[in-house]
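Student: This is the structure, below, for whatever I ask next.
The values are calculated or read from the model by the stated rules, or taken from the named source; none is laboratory data. All values reported here derive from a predicted model rather than from experimental measurement. Cβ placement follows ideal geometry from the backbone for every residue including glycine, while neighbour counts extend to all protein chains displayed. For the accessible areas, the whole protein counts, side chains as well, though only heavy atoms, and no ligand, DNA or RNA atoms are used. Shrake-Rupley method; radii C 1.70, N 1.55, O 1.52, S 1.80 Å.
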Amino acid sequence: MGHLLVVESWVGAMSTLLPRAIREAGHTFTFATRDLGHYLQGEPGAGGVHPLLSGGNVVTTETNDLAQLLETVERLHGAMEFDGVLSSCDYYLPATAAVAARLGLPGASVQAVERACRKDRTRAAMDDAGLPGPRYAVTEGWRETAAAARGLGYPLVVKPVDLCAGMFVREVADESQLLHSWRSLADFPVNARHQERVPLLLLEEVLDGPEVSVETVTWQGHTHVVGITDKSLAAAPWFVESGHMFPADLGAADRSATADAAIAALAAVGYEHGVAHTEFRLTAAGPRLVEINPRPAGNRITELVRRVTGVDLPMAAARLALGEKPELAPADTGVRSAAVSFLLPELPGTLAASPAAPDPCDAPDVVEWQVKPAGTRVGDGRSNNHYLGHVMVLDRDGAGARTRAEELLRGVSVEIIPDPEPAAA
C-alpha cells in the first residue's frame, strides 16, 4: 500500500475520480490545501464528506508559496513517508513537480511541466523542435499587442498564457475587439486560486478544422496513445467546450497523424512521465497543436475513455505518481462510443429551477444526468466553468453517442433569472 500526497485539485469531475482511483488501487492519500472552504462547497460523497476530504489526513498549508509548501511537505514527509505526489489542478502542477523533485519521488521534471502549462513556453518548445504550428506572438502591454496583431493580421485568437478552462480565450476580428480582450485580462490580475498572473498575451492565427484531444500515458519516456477524443465547441467567438465523444470518428490517416503529433509535442516539452491531454485542430495541412495539459483530461473525458476501453486514466495517474507501470491494455466493454454533452447558460443570473431531465433520461444508454440546483449562480457561458449540467450516453453499435447526447439536451429548457442592470452613474 502506498501513501500519496495530493496537492489541491479541481472541484469538478476529477475531485471525485482521483480519490476513487487511489482507493481502488489500494492506496491512501493526504490532501494538502490552502483553502479548505473551497472544497466544502463541492458535492459531498458517501457519508456526506467530499472525497478529497476523506483521505487519511487533510493538511492546511500555503500551497501558493512554493518555498513554504516545500518546507511543510519535507516536514510532513519525515512523519508520513509519502510514496508519491500529484495534483489534478493545472495551477498546482509545477509546484507538484517541484515537490516530487525535492522528495526524490517519481514525476515529470519541473521544466517539462512548466513548458506544458505555460502556453507561450509550449509554443517556443514547438519552435525549438521544428514542429509546425500557427503563426503567433507573445506580447506585454497594449502598444506591443496592437503592433503584433497588425503584423499577424486579423482575425486572431487571443489567449492568456497561464489560465485554464478556456477563460478569456476568444477570436477577435479587429483592433477594437482586441482592445476589449486586452482590457478584460488587465482587470484580472490573479487567477481563480489567488495566484498572481503572468501579464503576457498570446496572439495566434486562427486554425480551421475540427478540434480533438489525444489522451496519453508516458512511462519511462515512452508515450502510449490511449485514444483520441472529439470536441464540440459553442458560444463563438469564445471557445467553450459543449461536448465530447470517445473515440473520435476519424479515418485511419487522421488518427495516425494526430497520435504522432501528440507524441512529438510531448517530447518537445520534455514530458517523460505522466498522463496528458493534448489538444489539436485538424487543419487541411495536418494536425496543429492547440495546447498541452500535463494531467488527465477533465470534462468527464476520462469516464468516456473508461466506458469504451476499460482504461482508467485517473488510476494510471495515481500509479505513475507511485512509480508503478499502469495497466493500459484495453478491454472489450461492449461500448463502441461514449459521449457527454453540456448544458450551457445563455446569460448570467440565477438558476430559477433545476432543469428537468430529458426524456427519456431513464433509457439504458443514458448513464449520467447531472444538473445544478435551483438558486445556483450562473455565469455568462463564455468558459468551461459555467456548465449547468450534463448528460452522458453510450452507443453499443457505433459512433452515434454524440448525436444522441446532443438530441437529449435539445429537449431541456433552462430558466434563468437575469442579473439586474447596473444603476446609471
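Student: Could you count how many residues in segment 74-104 are open to solvent by less than 30 Å² (accessible area, probe 1.4 Å) and part of a loop (DSSP other than H, G, I, E, B)?
Tutor: 4
Student: Follow-up. Which ones in segment 16-33 are touching a helix residue (DSSP H, G or I) at 6+ places or on another chain (Cβ under 9 Å), not hydrophobic (A, V, I, L, M, F, W, C) and not in a strand (DSSP E or B)?
Tutor: Across segment 16-33, the qualifying residues are THR16, PRO19, ARG20, ARG23, GLU24, HIS27.
Student: Go through PHE246, PHE239, PHE188 for me and flag whichever is under 19 Å from the mean Cα position of the chain (by Cα), open to solvent by 20 Å² or more (accessible area, probe 1.4 Å) and among the aromatic types (Phe, Trp, Tyr).
Tutor: Exactly one of PHE246, PHE239, PHE188 is under 19 Å from the mean Cα position of the chain (by Cα), open to solvent by 20 Å² or more (accessible area, probe 1.4 Å) and among the aromatic types (Phe, Trp, Tyr), namely PHE239.
Student: Right, here's the next one. Do the conditions hold for THR122, that is, is it under 23 Å from VAL11 (Cα atoms) and within 21 Å of the chain's Cα centre (by Cα)?
Tutor: No.
Student: Right, another one. State all residues of segment 169-185 that are under 23 Å from the mean Cα position of the chain (by Cα), free of Cβ contacts under 8 Å to residues at least 40 places away in the same chain and open to solvent by 20 Å² or more (accessible area, probe 1.4 Å); if no residue qualifies, say none.
Tutor: SER184, the sole residue that qualifies.
Student: Quick check on my filter: what residues within segment 297-323 are of a type in the set (D, E, K, R) and either farther than 25 Å from GLY2 by Cα or in contact (Cβ under 8 Å) with a residue 24 or more places away in the chain (or both)?
Tutor: ARG300, GLU303, ARG307, ASP312, ARG319
Student: If you don't mind, another one. What's the number of the condition ASP249 fails, among (1) at pLDDT 95 or above; (2) within 21 Å of PRO155 (Cβ to Cβ)?
Tutor: (2)
Student: Oh, and also: Looking at segment 220-252 only, could you name the residues that are in a strand (DSSP E or B), polar (S, T, N, Q) and more than 20 Å from LEU394 (Cα to Cα)?
Tutor: Within segment 220-252, THR223 is the sole residue that qualifies.
Student: Pull out all pairs, ordered by first then second residue, where Cβ-Cβ is under 7 Å, the residues are six or more apart or on different chains, the first lies in segment 5-25 and is farther than 21 Å from ARG193 by Cα, and the second is open to solvent by 10 Å² or more (accessible area, probe 1.4 Å).
Tutor: Here the result reads ARG20/PRO51; ALA21/ASP312; ALA21/MET315; GLU24/MET315; ALA25/MET315; ALA25/ARG319, each pair linking segment 5-25 to a residue that is open to solvent by 10 Å² or more (accessible area, probe 1.4 Å).
Student: Looking only at segment 353-381, count how many residues are closer than 30 Å to PRO420 by Cβ, open to solvent by less than 40 Å² (accessible area, probe 1.4 Å) and more than 22 Å from the chain's Cα centre (by Cα).
Tutor: 2
Student: Scan segment 134-142 and give yes if some residue there is more than 25 Å from the chain's Cα centre (by Cα) and exposed (fewer than 14 other Cβ atoms within 10 Å of the Cβ), otherwise no.
Tutor: Yes, the conditions are met somewhere in segment 134-142.
Student: Count, please, the residues in segment 253-310 that happen to be assigned to a helix (DSSP H, G or I), open to solvent by 30 Å² or more (accessible area, probe 1.4 Å) and among the aliphatic types (A, V, I, L, M).
Tutor: Qualifying residue count, segment 253-310: 5.
Student: Does at least one position in segment 326-348 carry a residue that is β-branched (Val, Ile, Thr), open to solvent by less than 30 Å² (accessible area, probe 1.4 Å) and either farther than 23 Å from TRP219 by Cβ or modelled with pLDDT under 95 (or both)?
Tutor: Scanning segment 326-348, I find at least one residue that is β-branched (Val, Ile, Thr), open to solvent by less than 30 Å² (accessible area, probe 1.4 Å) and either farther than 23 Å from TRP219 by Cβ or modelled with pLDDT under 95 (or both), so the answer is yes.
Student: Is it the case that segment 394-404 has a residue that's surrounded by 14 or more Cβ atoms within 10 Å (Cβ to Cβ), in contact with a Cys (Cβ under 9 Å, 6 or more places away or on another chain), of a type in the set (A, V, I, L, M, F, W, C) and under 27 Å from GLY310 (Cβ atoms)?
Tutor: No, the conditions are met nowhere in segment 394-404.
Student: Name the residue, out of LEU200, LEU207, that is farther than 30 Å from VAL305 by Cβ, open to solvent by 10 Å² or more (accessible area, probe 1.4 Å) and in contact (Cβ under 8 Å) with a residue 12 or more places away in the chain.
Tutor: LEU200
Student: So which of GLU81, GLU114 ends up being among the charged types (D, E, K, R) and more than 17 Å from the chain's Cα centre (by Cα)?
Tutor: The match here is GLU81.
Student: For ALA149, are the conditions met, namely being more than 23 Å from ARG255 (Cα to Cα), open to solvent by 30 Å² or more (accessible area, probe 1.4 Å) and not charged (D, E, K, R)?
Tutor: The answer is no for ALA149.
Student: Only one of VAL172, VAL198 is among the β-branched types (Val, Ile, Thr) and out of contact with any Asp or Glu (no Cβ under 6 Å at 6 or more places or on another chain). Can you tell me which?
Tutor: VAL172
Student: Among (1) of a type in the set (Phe, Trp, Tyr); (2) touching a Gly at 6+ places or on another chain (Cβ under 8 Å); (3) closer than 25 Å to CYS164 by Cβ, which single condition is TYR387 missing?
Tutor: Condition not satisfied by TYR387: (2).
Student: Shifting gears a bit: More than 20 Å from LEU93 (Cα to Cα), of a type outside the set (Phe, Trp, Tyr) and not in a helix (DSSP H, G or I) - does that describe any residue in segment 3-12?
Tutor: Looking for residues that are more than 20 Å from LEU93 (Cα to Cα), of a type outside the set (Phe, Trp, Tyr) and not in a helix (DSSP H, G or I), one finds none in segment 3-12, hence no.
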